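The values are calculated or read from the model by the stated rules, or taken from the named source; none is laboratory data. The structure presented is a predicted model; accordingly, all values stated were derived computationally and were not measured. Methodologically, a virtual Cβ is constructed for each residue, glycine included, from the backbone with ideal geometry; neighbour enumeration extends over all protein chains shown.
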Amino acid sequence: MTADGARLFREAWIDGVRKHFPGEPKPSYVTPWEETPDWERAAAGAVYRQVVQFVEESDGNASRLSREQRGRFVATCWTAQMFKHFGDPKPAYVADWPDLPQWQQETDSDIFEAIAGSLP
């Protein structure tokens, strides 16, 4: 389930980037799963599990969160992974929600919805 969840996360990211990114995204933003670095696969799996647990622990009430709240949760979980995998991450990797570009906020919100929508 973890590998499948990590892949679902990555595919939701790629779909969101293609939908929301203005212009042509950097190739690393849309790297297929098979070429995704191990650290990024691990981070995607960790955030997937955090979203699943959050949704499950809410007894269905996570659906009452705003789209922004859902995206913020994904962004915060991802930021924690950046600190885990990089000793001194670039500021853009750990930017707070208001500092993220709109396309990334929308993509993070889409990721939450994709994960929550995949659950029974």
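Quick check on the stretch 51-62. Is at least one of its residues modelled with pLDDT under 95, over 17 Å from Ile14 (Cα atoms) and small (Gly, Ala, Ser)? So far as the stretch 51-62 goes, yes, one or more of its residues are modelled with pLDDT under 95, over 17 Å from Ile14 (Cα atoms) and small (Gly, Ala, Ser). Of all the listed residues (Ala44, Ala116), the sole one being farther than 22 Å from Pro25 by Cα, modelled with pLDDT of 95 or more and either among the polar types (S, T, N, Q) or part of a helix (DSSP H, G or I) (or both) is Ala116. All told, Glu56 meets the bar of being in a helix (DSSP H, G or I) and either loosely packed, with under 15 Cβ neighbours inside 10 Å or touching a Gly at 6+ places or on another chain (Cβ under 9 Å) (or both).
Before we move on, is Glu68 out of contact with any His (no Cβ under 7 Å at 6 or more places or on another chain), surrounded by fewer than 19 Cβ atoms within 10 Å (Cβ to Cβ) and touching a residue at least 40 places away in the same chain (Cβ under 8 Å)?
yes
In the stretch 1-27, the residues that are under 17 Å from Val74 (Cα atoms) reach residues that are in a loop (DSSP other than H, G, I, E, B) and among the hydroxyl-bearing types (Ser, Thr, Tyr) with C-beta atoms within less than 9 angstrom, at least six apart or across chains, in these pairs: Ala6/Thr36; Arg7/Thr36; Arg10/Thr31; Arg10/Thr36; Ile14/Thr31.
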